[in-house]
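The values are calculated or read from the model by the stated rules, or taken from the named source; none is laboratory data. Because the structure is predicted, anything quoted here is derived from the model rather than measured. Don't worry about glycine lacking a Cβ; one is built from the backbone with ideal geometry, like all the others, and counts go over all protein chains shown. All accessible areas refer to the heavy atoms of the entire protein, side chains included, with ligands and DNA or RNA removed. Shrake-Rupley method; radii C 1.70, N 1.55, O 1.52, S 1.80 Å.
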Amino acid sequence: MKRTSLVVLLAAVVGAGAAPAYAVTDPQPVQPFVPGANDDPALDRAWQRWQARDVDDYVITVRTSCYCRPAPAVRTVVRDDEIVRVTKGRRDVGPVLGYSMDEMFTRIREAQGTADAVDVDYTRRGVPTSITVDRIAGAADDELYYTVSLSRL
């Protein structure tokens, strides 16, 4: 009887402190993308289309690939412009490892400023679905690819 009570008590204590399945212990605010005067016009137009949608709750899944070992996709849940859950494959990871739409626009801008070639396909809503970054033209195996999918909560 004593052992059974201990198990029930332990389950009650652990269950009482459990967070909802979508939550992380420390939500991370989305760092806003701010368009600049020297941005690529296509990037600026895509960002404007995305902003016009006024979406604060979504799930973004980013798959990164290159000529290296395949990596699992990173799935990020954003609620009220805060990253609340990030998974890489089947593992929960910290919110700082997640992506947001603003982060994707920032990555595109950074790549356009440093890489020899950047090719981006945007949806009519401004979502970058495919990003190819060729850091050094003529170099073999240095390309980086992002595949992005988005869904609303």
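Local charge for residue 31 was computed over the other residues whose Cβ lies under 14 Å away, with Lys and Arg +1 and Asp and Glu -1, and equals -3. Here is the size of the stretch 23-128 from its Cα atoms: Rg then Dmax, 14.2, 40 Å.
Using a probe radius of 1.4 angstrom, the carbon and sulfur fraction of the accessible surface of the stretch 103-153 is 45%.
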